[in-house]
Amino acid sequence: MPNIDEYVPIVGQSIVDDLRLLAERLRGKVVQHVNSTAVGGGVAEILNRMVPLLRELGVDTRWDLIKGGEQFFAVTKKFHNALHGSPEEIGQRDFDVFLATSEQNVREVDIRGDIVFIHDPQPIALVKRRDDNKWIWRCHVDVSNPNRKVWKFLREFIVRYDSAVFSAPSFSQTLPIRQFLITPSIDPLSDKNRELPEEAVAAVFEKYGVPRDKPVITQISRFDRLKDPLGVIAAYAQVKRYNDCRLVLAGGTAADDPEGAQVLREVQERSRRDPDIHVLLLPQNDLEVNALQRGSTIIVQKSLKEGFGLTVSEALWKAKPVVASNVGGIPLQVTHRYSGLLCHSVEGAAFALKQLLTSPDYARKLGENGREHVRNNFLLTRHLRDYMLVFLSLYHEGDIVNL
Amino acid sequence: MSPTARAQNPFRFHTRLHLSELTGLRASTLAQLLEHLRSVPGSSIYHHTHRYLQQHQYLSPEPPNDFAHWVTNELGDEELGERLASIDTVRFPTIRRLRNRIVGVIEEHIEKNPSAKRRFADEGEEFHFIKSISFVISTKHLAWDLGEFAAVLEKITVDSIYYHMFEARLRLERGQNDFSLWFETSLGETGIAEEISRLDPYTHTLENLRRTIIRIVEKRIGR
């Protein structure tokens, strides 16, 4: 795991110095993160990197997990989908299951933080243990259009916190507590984002049988309708009439997701007759994702809906020109025609791709601008800074705080 | 005074880190935007007129305030967008007066173009009001003379430059930027104080501003 000084060559000494200044102001406070899983998923991924870095900076940071059985996690999965706005049948029994497991966790989890930082809905009820310490609820879910029944249920807990944290402005709700905006981040030193030698990139393209004899357009995403892989193929088909290129659609397996398997079948069916379309079923392998992004000419993220869409920042960090839908957190990452091209339709995506393929200098400039935008706004160091500022905000009122 | 003179009081560099606080207020129409503009805290007006300076530390094609951007791109009102984008933020000594100007421009536009009130943003494209919370921290960097000042300016964060150039003048209502104030009152260097005061910092990137100020100071000390 990299230490904090390894970020200095990337973000500059002064940014790391600022992190140390903030950490000094938190000396003596215990920060306790609580979530539901130690591995898998974005929350665990970020905590695995953040907790050691906060400790290294001198912030006494703990990380605890709640427990739950299959039924509990089935309910929280339903909550998750409902908060995203998907139609879900949620009845009293689901709430009862949630409350029963929550009560058990309320009794058993050792709460010892001066600041208790609860991630997502699963451990939300722990706030019943609130004493004279400070509580933050971190919502990693897109709640711009939540199922009202589930939101109303969770709101009863949320209002007992000191503050809530959301990832995009549109996720904020009318609440009687303070709400902060903290966008997610990528770790420039992780396997998914660190620099790779050209041989490592070439080896991955060879392994998957993708020649780089012509421009490669790539979308890396789960095979999910919301990522619109069929729309990407349609856009590619329009481009292909004028610009010879390849298309790579790479994503994880969807063994536990029947709809995902169906989408994958449709994608395979649609691409069968074109040898320049490469559908890659990737195992969870961050280095391979990194190599595919680095070796591609253009990265596409044509999602119909996105929580935040951090794959865009991953691509921009590699200075790749990006064509992405104007949804979720993507417009925060891409300024149209400056650090990438935004689109709203298949035709728009195709037009943007053609522009980039025929103007490589323009494409390169977009990628370079995008990399600087990510350096300033979407790296882990900025995320660490924001978390420490939220911790400090719990002890200071007003809009200008002299520390 | 000699350009190598030592000041009686050193310049202490501060840095300012900001956190975005969501207000939960949103607008879909010009009328709603106007209503909230009149009542949101000054820290929200400040956020939406200064956010781009820190988020895009290079010149981007975006208008210099979020109101202009939203009115142009989501309401499709290019004329009003252009008028909002051309509000000269550097001319306003307080947030209150800046707010009044923004409100005034929109009111005038609605009066002349009543149909502008009928435009609305698509679902998901509403304007979300955000506040900027500033955390001001004193750094270990001190400068006693112009040479030391230029040397520190080379290595401090752009957040520090931002704090002393923008926040001190407008948000803390000190009348002018901290650098000019120190040059003038502690070193008697009215020439460079004025030269820096005359810059329109809103048309520079923060890095560019750093280089420009260093150049002014170094010229004075004959480097």
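The values are calculated or read from the model by the stated rules, or taken from the named source; none is laboratory data. No experiment lies behind these values; they were computed from the predicted model shown. Every residue, glycine as well, gets a Cβ built from its backbone with ideal geometry; the counts of neighbours run over all protein chains shown. These area figures cover heavy atoms from the full protein model, side chains too; ligands, DNA and RNA do not enter into them. Shrake-Rupley method; radii C 1.70, N 1.55, O 1.52, S 1.80 Å.
Some notes on this structure:
- Rounded percent of accessible protein surface that carbon and sulfur make up, the range A:198-377, 1.4 Å probe: 52 percent
- What the Cβ-Cβ distance of A:Gln104 and B:Glu123 gives, at R0 = 35 Å and to the nearest 0.05, is a FRET efficiency of 0.30.
- Separation in nanometres of the label points that stand 7 Å from Cα toward Cβ, at B:Arg97 and A:Arg20: 4.2 nm
- Computed from the C-beta positions of B:Glu111 and B:Ser39, the FRET efficiency with R₀ = 30 Å rounds to 0.90.
- Using θ = phi - 60° in the Karplus curve 6.51 cos²θ - 1.76 cosθ + 1.60, the 3J(HN,Hα) couplings for the range A:158-169 round to 4, 5, 8, 7, 6, 8, 10, 10, 10, 8, 8, x Hz; x is entered for Gly and Pro.
- Lys/Arg +1, Asp/Glu -1 at C-beta; the range A:1-110 dipole; positive extreme among A:Gln92, A:Gln13, A:His80: A:Gln13
- Debye log10 I(q)/I(0) for the range B:18-131, one point scatterer per Cα, at q = 0.12, 0.13, 0.16 Å⁻¹: -0.38, -0.45, -0.70
- Sorted peptide list for A:192-202, B:137-147, criterion being average Cβ within 10 angstrom, highest first: B:137-147, A:192-202
- Karplus 3J(HN,Hα) series, Hz, for the range B:185-192 with 6.51 cos²θ - 1.76 cosθ + 1.60 (x for Gly, Pro): 7, 9, 10, x, 8, 5, x, 6
- Net length gained if the chain between A:Asp244 and A:Lys207 were fully extended (0.36 nm per residue, minus Cα distance): 11.1 nm
- Given their separation in residues at 0.36 nm each and the Cα-Cα distance between them, A:Lys149 and A:Asn3 gain 48.2 nm when the chain is fully extended.
- With each label modelled as a point 7 angstrom along the Cα→C-beta vector, the B:Gln32-A:Arg222 pair spans 3.1 nm.
- Multiplying the residue separation of A:Asn402 and A:Arg27 by 0.36 nm and removing their Cα-Cα distance gives an extension gain of 133.3 nm.
- Selection of GluC sites (Glu not before Pro), the range A:79-127, meeting DSSP coil and at most 12 other Cβ within 10 Å: A:Glu89
- Taken per residue, the accessible surface of the protein assembly as shown reaches 42 Å², heavy atoms only and a 1.4 Å probe.
- Rounded tilt (10° steps) of B:146-155 against the dominant C-alpha axis of chain B: 50 degrees
- Flagged links, alpha-carbon separation over 20 Å, of A:Lys207/A:Lys302; A:Lys134/B:Lys140; A:Lys29/A:Lys134; A:Lys305/B:Lys131; A:Lys128/A:Lys152; A:Lys320/A:Lys354: A:Lys207/A:Lys302; A:Lys134/B:Lys140; A:Lys305/B:Lys131
- Ranking B:Ser134, A:Ser170 by solvent-accessible area of protein heavy atoms (1.4 Å probe, all protein chains present), from largest to smallest, gives A:Ser170, B:Ser134.
- To the nearest 10, the accessible area of B:His48 is 10 Å² with a 1.4 Å probe.
- Cleavage-rule hits, trypsin sites (Lys or Arg not before Pro), the range A:317-403, DSSP coil, Cβ neighbours within 10 Å at most 15: A:Arg337
- Per-residue SASA entry for A:Arg148, accessible area with 1.4 Å probe, Å² rounded to 10: 140 Å²
- Calculated mean residue ellipticity, 222 nm, chain B: -14500 deg cm²/dmol, from DSSP H runs (n ≥ 4) at -39500 (n - 2.57) each, averaged per residue and rounded to 500.
- Spacing of the two label points (7 Å from each Cα toward its C-beta) at A:Ile10 and A:Gln262, in nm: 4.0 nm
- FRET efficiency, A:Asp132 to A:Gln173 (Cβ-Cβ, R0 30 Å, nearest 0.05): 0.70
- Remark: relative contact order (chain A) = 14 percent; criterion is Cα-Cα distance under 8 angstrom and separation of 6 or more residues.
- Packing-based ranking of B:195-205, B:24-34 yields B:24-34, B:195-205, ordered from highest to lowest mean Cβ neighbour count within 10 Å.
- Taken residue by residue and averaged, Cβ atoms of other chains lying within 10 Å of the Cβ of A:171-177 number 3.
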